[in-house]
Structures are given as structure tokens and as C-alpha cells.
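Right, one structure below, let's go through it.
The values are calculated or read from the model by the stated rules, or taken from the named source; none is laboratory data. Here the structure is a predicted model, which means the values were calculated and not measured. Virtual Cβ from ideal backbone geometry, glycine too; neighbours counted across all protein chains shown.
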Amino acid sequence: MKLIYDLSLNELNEWILSQGLKSYRSKQIYQWLYQKRATDFEQMTELNKELIALLKETFIIDPLRLVQRQESKDGTIKCLFKLQDGALVETVLMIYDYGNSVCVTSQVGCNMGCTFCASGLLKKQRDLSSGELTAQVMAIQKELDLRQDRVSHVVVMGSGEPFDNYDNVMSFMRNINSDHGLAIGARHITVSTCGIIPKINAFSKEHTQFNLAVSLHAPNDELRSKLMPINKAYPLKDLMASLKSYSVENNRRITFEYILLKDVNDQDEHVHQLAHLVKGMNAYINLIPYNVVDEHGYKQVGFVHAMKFYDKLMKCGVKCTLRQEHGSDIDAACGQLRAKAEGKL
Ligand code: SAH
């Protein structure tokens, strides 16, 4: 059955009109879904019985079934959900001092093949629909409702490559940003890509206020191609040119994600290459501690060494942060929980 979260307000309105109903109904339904967080059409008391019956025949609200939930000492919550077709997806809530951030999965499995990542252990089975992305945020929001709290930030940084599922991810971001939806500020919504240039260019042309993050992880082509096969199709020179034009055209800062991998990309030469790469750009680098995936053999950089790397980058004039580890006592790496559930870890 169709997922009602797949529809924007306009699309829902078109459907309402196609049923010979009045336009104001679509706003009512949207309000019940997003503001009152209805889990069942029967709860929509302003609607008449016929409309409720029609909605029940046509749509479902929640496609997710919780199969596993882990809660970390730092408040991080990781949920493993089963979709209607049995596919498993992970969603993570991280608590920061600035708000509550939800990390959503955009594809079942991933084809990008990054050599350090658990998601790629399982090849892509399919893209998630925009409604399946929205449902993940709604599930966390319903949990936060119990504490009178709200989802303030969303990052499309879970399993999958969002720009390999571009249209659905863009619809999702627009829907949760909509005043009629969850009204999450565009500047609080971030999409992260491994660097699919044609889609970065398309994103640039849309002139949205959503944030763009790019997984860099290596400052030269030789190393980046080893870590991230996508670099062979879209090498650094072309990637940086595309990002520079996005940044200038949109007047936006870019976040680069850089996982510190022991003895792989954490040496002085990498500091200098990195500084050279982002020179003159409106960018900052987010240094990320590696969540060890046993399968791959990469090791985490110790805190002292990571701080030194950070200091050296700062001295080169690069804006950067050293990300705190979240949920290290649970299976927090992208795709780890799902890979375990599927018996791949
Ligand atoms: N495909 C997109 C988004 C999903 S990955 C992308 O590449 O950006 C989200 C981020 O988590 C990426 O920066 C990714 O490289 C990082 N990541 C993946 N596995 C990780 C691990 N084991 N430890 C730390 N970060 C990881």
C-alpha cells in the first residue's frame, strides 16, 4: 500500500481533489500527521467516516516496525526498523547541547564501496522512498514527544548514498522543512555525499538553504581512490571545482568529513595536503573518530594524536572541529547494527 508520508502537501491536495473532495481536507490531514502525530487514520476526528475509510483503503501511515533499540550512556538512541518488504534500516538520535539530531538511512545497503564503512558490506537492494525517510524522523519525534522535546536537526548521513537517491532525498528534505510538515529549519538539515559530481551540480542549481557535507577522508587521489572507489569516477580536482562553484553560487559553507584512520590518512603530509586542498574555500573540516568495523582492519587514531592533527590543521589556517564520539558503547557505525542483524558482522 502507498505511504502517506510520501506525499507533499500539494500531492496530497491533488489526490483529495481527484476524489472530488474539498481542498481544506488535505491541510487537516497534514496537520494530523505532522503536528498531532497521528498513528492511525481513525484518530483524525475532524474527518468524516467516509474519508477515513477511503484513507485507510489507500494509504498506510507508518511503514516501520521496531526490531531493535539500543541506548547509549550519552543518550544516543539507535533503532533498527523493519520496512514493509522486510528490509532493515537504522536510525540514530544524537543529543547535543544545541538540540536533538536524527541521522537517517537513505538506501537499503549501499553501492559506493567505501572500504572503511559497514554499510557497504551489504550491496544496495533499493532506494528508500521519501516517506520512508520521513517515517524515520517521525518515529524519533514520537519518542521525543514523551519528553516534550523535538527533533531540531536532521542529517542524511546514515547508510546509503543520498545523491544516488537524489529525487526522493530532496522531496524528503522539503517535506520535513515545510511549515505544514515538521517545520525543521533548512539550515538544520544536512545532506552528506561521497562526491557524486553531477548531483552536486544539480543540488547547487536548486539554491536551497540545506547544508551540504562531503565525505573527503583523503587529501590526494591515490589514497582517496583506495578508500573510496567513487574517487575514480569523480577525482578530487573535479570534485573541488564543483564544490567551489556550489559554495560561491549559493554563498554557503561546505563541511568536509574526514575520518581519522591510524597510519593511513593521519600523517603530517596529509595535514599539508588537506590545507592546500581547501585553501580559499568557505569550508570547515570535521575530523571524525573512526568507529571500528572489525571486518576492515582499519584502526582508530588515539585522542592525543587526533588532537595534534587538529592543532596542526588549525595552525595551517583551516577551520576544523574534532567530533566527539557518540554511542561508542553501542553499535554506532553506519550500517553496523543492520550488518549484524543480517549476519555479516
Ligand atoms: N554516503 C554518504 C552518507 C553516508 S556515510 C557519504 O558518504 O557522505 C556518513 C558518514 O559516515 C560519511 O562521512 C562516512 O564516511 C562516515 N562513516 C562511515 N563509516 C564510518 C565508520 N566506521 N566510522 C566513522 N565514520 C564512518
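One table, with the values for the structure above:
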{"item": "Looking only at segment 290-317, and only at residues there that are outside any helix (DSSP H, G or I) and within 10 Å of Lys262 (Cα to Cα), the one that is farthest from the ligand (Cβ to nearest atom)", "result": "Gly302"}
{"item": "Asn286 being part of a loop (DSSP other than H, G, I, E, B) and within 14 Å of the ligand (Cβ to nearest atom)", "result": "no"}
{"item": "First in segment 205-229 and on the phi > 0 side of the Ramachandran plot, second anywhere and within 14 Å of the ligand (Cβ to nearest atom) and among the basic types (Lys, Arg), Cβ under 9 Å, 6 or more apart", "result": "His217/Arg224"}
{"item": "Unique match (being surrounded by 20 or more Cβ atoms within 10 Å (Cβ to Cβ), modelled with pLDDT of 95 or more and over 25 Å from the mean Cα position of the chain (by Cα)) among Leu313, Leu287", "result": "Leu313"}
{"item": "So Ile259, is it in contact (Cβ under 8 Å) with a residue 60 or more places away in the chain and either crowded, with 17+ Cβ neighbours inside 10 Å or within 30 Å of Ser245 (Cα to Cα) (or both)", "result": "yes"}
{"item": "Residue that is of a type in the set (Gly, Ala, Ser) and in a loop (DSSP other than H, G, I, E, B), where the choices are Ala241, Ala218", "result": "Ala218"}
{"item": "Test: residue in segment 43-58 that is over 17 Å from Gly131 (Cα atoms), β-branched (Val, Ile, Thr) and either touching a residue at least 12 places away in the same chain (Cβ under 8 Å) or part of a loop (DSSP other than H, G, I, E, B) (or both)", "result": "yes"}
{"item": "Residue count, segment 70-125 (criterion: within 14 Å of Arg338 (Cβ to Cβ) and either touching a residue at least 24 places away in the same chain (Cβ under 8 Å) or within 13 Å of the ligand (Cβ to nearest atom) (or both))", "result": "28"}
{"item": "Matching residues, segment 210-223, being farther than 21 Å from Thr321 by Cβ and within 15 Å of the ligand (Cβ to nearest atom)", "result": "Leu223"}
{"item": "Exclusive hit being more than 21 Å from Leu182 (Cβ to Cβ), surrounded by fewer than 19 Cβ atoms within 10 Å (Cβ to Cβ) and out of contact with any strand residue (DSSP E or B) (no Cβ under 9 Å at 6 or more places or on another chain), set Glu46, Glu42", "result": "Glu42"}
{"item": "Segment 15-38, residues that are of a type outside the set (A, V, I, L, M) and closer than 29 Å to Ile140 by Cβ", "result": "Trp15, Arg25, Ser26, Lys27, Gln28, Tyr30, Gln31, Trp32, Tyr34, Gln35, Lys36, Arg37"}
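Conditions (1) closer than 30 Å to Ala218 by Cα; (2) in contact with a Ser or Thr (Cβ under 9 Å, 6 or more places away or on another chain); (3) not small (Gly, Ala, Ser), marked per residue:
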| site | (1), (2), (3) |
| --- | --- |
| Cys103 | yes, yes, yes |
| Cys114 | yes, yes, yes |
| Ser129 | no, yes, no |
| Pro162 | yes, yes, yes |
| Gly195 | yes, yes, no |
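Residues checked against (1) within 14 Å of the ligand (Cβ to nearest atom); (2) among the aliphatic types (A, V, I, L, M):
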{"position": "Phe163", "(1), (2)": "yes, no"}
{"position": "Val169", "(1), (2)": "yes, yes"}
{"position": "Gly185", "(1), (2)": "no, no"}
{"position": "Thr193", "(1), (2)": "yes, no"}
{"position": "Ile196", "(1), (2)": "yes, yes"}
